[in-house]
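Reviewing the structure listed below.
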Amino acid sequence: MAEGTSNSMWGGRFAHSPDAIMEAINASIGFDRRMAAEDIAGSRAHAAMLAATGIVSDSDAAAIREGLLTVLSEIEGGEFRFSTALEDIHMNVESRLREVIGAPAGRLHTARSRNDQVATDLRLWLRDRMDASIDGMAALQRALLEQAEAGADWVMPGFTHLQTAQPVTWGHHMLAYVEMLGRDAGRMRDARARLNECPLGAAALAGTSFPIDREMTARDLGFDRPMANSLDAVSARDFALEFLAAASICAVHLSRLAEEIVIWSSAQFRFVALSDRFSTGSSIMPQKKNPDAAELLRAKIGRILGSTVALFTVMKGLPLAYSKDMQEDKEQIFDAADTLLLCLAAMEGMVRDMTANRPALEAAAAAGFSTATDLADWLVRVADLPFRDAHHVTGALVARAEAKGCDLPDLSLAEMQAEHPAITEAVFEVLGVHNSVASRTSFGGTAPAQVRTQIAAWQERLG
């Protein structure tokens with residue numbers, strides 16, 4: 001645009017075009033072009049409403065709606081030329097619409113502002129990604145359930161502090177992540193429900209004097225209702241913050257599972273193996289098989305959490321209503337949504353790909369005095385010891401076994417009775433890892449019967 005000419009999209013208020021630096025910092029078309037389909041959907045709904053209320057003629061509205069489809073086709077076909085001079089997706093679309101249909105295009109922006117327009121576009125765009133992320137969580141849950149069902153009665157060590165604690169089942173461990181993802185999906189659905197109100201018609205900040213029908217546009221765009229306060233409608237980004245927070249929590253859960261896959265696939269553990277599809281080699285060490293997909297996924301929480309912190313920081317001090325600072329919301333939301341969907345797909349792929357090493361799991365489950373709690377519980381139930389006394393006796397037996405370099409089941413009855421005379425031969429029935437897990441029949445416990453009950457409940461819930 002030549003110096004000294006006004007920007008036709010801005011009108012007559014400004015006599016000169018923006019400085020190149022101002023244009024660079026102001027333009028958002030480099031990233032908000034991703035909302036082209038949503039922008040055009042919102043504009044088509046707005047045009048239909050303007051005709052229905054008599055604000056514009058039916059012929060002009062029809063020309064606008066048809067012309068917008070032409071513009072969308074050009075964008076989707078890669079034929080559209082985006083201009084930074086036109087700042088954003090809204091003005092790029094409107095400018096091209098004027099070239100396509102002429103004067104009627106100038107009526108499209110009646111009774112709206114870019115403020116309510118962008119708020120609507122962003123909600124539409126994010127709503128679709130929320131739905132996709134919920135679907136991705138469900139797909140990962142199904143993959144975990146397949147693992148759980150295959151290993152409902154396989155024993156493995158349960159850890160606290162990454163130290164062997166008690167035996168659990170592989171299925172039980174897989175179900176822990178199914179539960180986490182269920183809460184993640186619940187948070188996302190809750191956030192989506194609060195997002196699903198329509199800002200369109202709030203105009204710049206105060207509403208409009210035109211007799212618009214906001215219920216109509218809200219309904220046509222799939223929203224539950226129009227937003228009830230025009231100031232709030234254009235300035236609210238809590239829906240985006242809520243998405244980012246939910247995405248961050250989900251990414252933390254994915255990162256924890258990724259960390260376990262990294263540990264489990266090591267030579268020291270050998271709990272699982274990943275195929276070449278999710279592993280890489282070393283440029284210098286030919287024996288290496290690295291779980292790079294899990295490591296990369298483990299790091300992705302940094303991107304999502306970074307976007308969350310960035311947008312919270314942008315929003316924390318803004319007065320009502322709209323401020324240009326809010327243009328910084330989109331790149332954070334776009335990147336976080338892309339990253340979350342990629343992470344969910346990658347983790348689903350790894351879970352379906354990984355093969356659990358049942359013998360290694362069972363051998364590890366039996367090591368490290370993992371049935372010590374079962375021994376203490378037996379002393380309470382059978383020998384009628386107070387739990388603290390049973391805890392002390394069991395600790396003494398662990399120390400005795402450790403000194404001998406053996407596990408608890410390898411101690412003789414005489415050695416056990418030396419610590420407490422009430423111990424009988426029956427104690428050995430609870431010291432095996434399979435007996436241990438089978439006894440944990442409380443609701444939510446690791447017993448195979450409980451695991452299978454929870455698997456069936458989740459399979460029914462997911463459909």
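The values are calculated or read from the model by the stated rules, or taken from the named source; none is laboratory data. Since the structure is predicted, the reported quantities are computational estimates derived from the model, not experimental observations. Positions of Cβ are backbone-derived with ideal geometry, glycine not excepted, and every protein chain shown enters the neighbour counts. Protein only, heavy atoms only, side chains kept; ligands, DNA and RNA dropped before computing areas. Shrake-Rupley method; radii C 1.70, N 1.55, O 1.52, S 1.80 Å.
Positive end of the dipole of region 80-178 (Cβ unit charges, origin at the Cα centre): among Ile89, Pro167, Val100, the Cα lying farthest that way belongs to Val100. Charge tally around Arg225: other residues with Cβ under 10 Å, Lys/Arg +1 each, Asp/Glu -1 each, net -1. Normalising the average separation of contacting C-alpha pairs (under 8 angstrom, six or more residues apart) by the number of residues puts the relative contact order of region 106-208 at 44 percent. Cβ-Cβ distance of Glu79 and Ser442, R₀ of 56 Å, FRET efficiency by 1/(1 + (r/R0)^6): the value works out to about 0.30. Each part gets one Cα centre, and for region 335-383 versus region 396-411 those centres are 25 Å apart.
Principal-axis analysis of the Cα atoms of the chain puts helix 329-353 at an angle of about 40° to the longest axis.
Given Cα pairs under 8 Å that are at least 6 residues apart, what percent is the relative contact order of the chain? For the chain, the relative contact order is 16 percent. Rounded to the nearest 500, the helix-only mean residue ellipticity at 222 nm of the chain stands at -20000 deg cm²/dmol, with each DSSP H run of n ≥ 4 adding -39,500 (n - 2.57). Contact order for region 213-304, expressed relative to its length and based on alpha carbon pairs under 8 Å spaced 6+ residues apart, stands at 26 percent.
Other residues lying with their Cβ under 15 Å from the Cβ of Arg352 contribute a combined charge of -3, Lys and Arg counting +1, Asp and Glu -1. Taking every protein chain into account, the 1.4 Å probe leaves Asp353 with about 30 Å² of accessible area, to the nearest ten. In a reduced charge model with +1 at each Lys and Arg Cβ and -1 at each Asp and Glu Cβ, region 348-423 shows a dipole moment near 20 debye about its Cα centre.
By its C-alpha gyration tensor, with a ≥ b ≥ c as the square roots of the eigenvalues, how is region 8-145 shaped: rounded for a/c under 1.5, else prolate for a/b larger than b/c, else oblate? In terms of gyration-tensor shape, oblate. Normalising by residue count, region 365-449 has a Cα convex hull of 91 Å³ per residue. Take each peptide in 95-102, 398-405, count the other Cβ atoms within 10 Å of every residue, and average; sorted highest first, the result is 95-102, 398-405.
Using only the Cα atoms of region 222-349, build the gyration tensor, take square roots of its eigenvalues as a ≥ b ≥ c, and label the shape rounded, prolate or oblate: rounded if a/c is under 1.5, else prolate if a/b is larger than b/c, else oblate. It comes out prolate by the Cα gyration axes. Counting Lys and Arg as +1 and Asp and Glu as -1 over every other residue whose Cβ lies under 15 Å from the Cβ of Thr110, the net charge comes to +2. Once a ≥ b ≥ c are taken as the square roots of the eigenvalues of the Cα gyration tensor of region 155-277, is the result rounded (a/c under 1.5), prolate (a/b larger than b/c) or oblate (a/b not larger than b/c)? Prolate.
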